[in-house]
1. Relative to the longest principal axis of chain A, what angle (0 to 90°, nearest 10) does the C-alpha long axis of helix A:157-177 take?
2. Which entries of A:LYS144/A:LYS201; B:LYS37/B:LYS125; A:LYS196/B:LYS202; B:LYS144/B:LYS201 have Cα-Cα distances beyond 22 Å here?
3. How far is helix A:105-116 tilted off the main Cα axis of chain A, in degrees rounded to 10, range 0 to 90?
4. At a 1.4 Å probe, what is the % contribution of carbon and sulfur to the accessible area of segment A:1-50?
5. Taking N as the number of residues in segment A:44-148, what value does Rg over Cα atoms divided by 2.2 N^0.38 Å take?
6. Rounding to the nearest 20 debye, state how big the charge dipole of segment B:48-104 is about its Cα centre with +1 on each Lys and Arg Cβ and -1 on each Asp and Glu Cβ.
7. What is the average number of partner chain Cβ atoms found within 10 Å of a Cβ in A:108-119?
8. By how many degrees, 0 to 90 and rounded to 10, does the Cα axis of helix B:121-147 deviate from the longest principal axis of chain B?
Number of protein chains: 2
Amino acid sequence: MDKNLKRMATMQRLQVTGLELFYRNGYYNTSIDDILKELSLSKGAFYHHFDSKEDFFVQIIQNLVVRKMYTMLIEPIEGHENSLELITNCFENALETAVHNELDFGFILGNFISEFNGKNPMIMKHLSDILKIWEVNLVSVIQKGKFNGYIDRHVDSEGVAVFLISSYMGIRTFMVENTPSARKYRFMIQLRQYFKSIAAKKEIV
Amino acid sequence: MDKNLKRMATMQRLQVTGLELFYRNGYYNTSIDDILKELSLSKGAFYHHFDSKEDFFVQIIQNLVVRKMYTMLIEPIEGHENSLELITNCFENALETAVHNELDFGFILGNFISEFNGKNPMIMKHLSDILKIWEVNLVSVIQKGKFNGYIDRHVDSEGVAVFLISSYMGIRTFMVENTPSARKYRFMIQLRQYFKSIAAKKEIV
DNA sequence: TTAATAGTAGACCAAGCGGTCTGTTTAAAC
DNA sequence: GTTTAAACAGACCGCTTGGTCTACTATTAA
């Protein structure tokens, strides 16, 4: 095989498995040997491709996490239809994959933020940046919703974004603890309730 | 000093410092030596009082965390006044202590749940129990609010509780990441907005 | 005063960690 | 075919971890 392709393939395999394990067991609780064992690779291979465990993790964030974030939580809410409906569907889908215990990149962020908070400012910076992307996109979608007449013009777009991100990260933590499907269901109903309250009041003019 | 008093005092000191460090650095990332160093105590002292690190942690949960949970998040919302107002004030206060980086026991729970999820079912059970206490109390307060005419009788009390716990744990994670005070402010406004939407509609009869 | 025991100190251990280093295999370049 | 460098294997190192064990000290009961 072409050397460069082989390099890419190995790095990709390491990163995918790495994220999987970091997600399941946490960063500090996952050893490099754990990842290597899963792939039947050696220390030599790992340190040939990555400088350190930290460098490895940062690359995972920048490659896998950012990309998935876009496809799961950002792209689905872009468009010119009803913003609130788009966000609702997006959350619905994201939480549904979470019910089935698949990788959920909104949740991953929250998890890692708790883990690295106060310990590794450099990694925190990277996590913050991604969260910021999500936040900025939410704000702009909400503002679009105001212009399009779907959302009440008096609401604070920034505030809604903060509230949405919070409740999403929160329900995800709460879902791992017990009865994920039932909690998702209840959560979505209350989210719709909240959305109704910030929707534009019809024909008051 | 009386031996039994001394025993209690040492155990208490260990637990308080232990919780502090576990909260700041995580359970797996805090060594027993870290705690011992802080108090200038030895391994001998520790293992004379506790069977293991795990046993130590469980005792912290059962003593400190449960108690603080009551004083911070449960007792403040008991009473016969407007439930929604009580909860609002309670969240306001709890988040304010969080802004000042003090121990926040609602957040502690969320943090530990992420950390132990899938790793230590026994500890997860203990954390779940505490969360359940919070949840049950919220539900009963909300139901009281319905009876008292403060909350719309059609809302799902269980759902509201899920939504509240989620958003609380979520905003706490989000607050550690950046500008805690501003985010708290924005969050509270949206929470009030949500509360308004589930409040009993006045004199429609 | 003495015997017994709770409390404490800290050397020690095996296991696991991130990371290094040397040697071997593999594949592209000539 | 030979050379060269990338890809990989795995022994090894220094350090930290949770936990044990033996010895010393302080306190209480007799």
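The values are calculated or read from the model by the stated rules, or taken from the named source; none is laboratory data. Source: prediction; values computed, not measured. Note that we place each Cβ from the backbone using ideal geometry, even for glycine, and neighbour counts take in every protein chain shown. Side chains included, ligands, DNA and RNA excluded: accessible areas come from the protein's heavy atoms. Shrake-Rupley method; radii C 1.70, N 1.55, O 1.52, S 1.80 Å.
1. 60 degrees
2. Those over the limit are B:LYS37/B:LYS125.
3. That works out to roughly 60 degrees.
4. 52 percent
5. On the way: Rg = 16.1 Å, N = 105, 2.2 N^0.38 = 12.9 Å.
Rg over 2.2 N^0.38 Å, computed on Cα atoms: 1.25.
6. In debye, rounded to 20, segment B:48-104 gives about 200.
7. Shielding by partners across A:108-119 averages 5.
8. Value to nearest ten degrees: 30.
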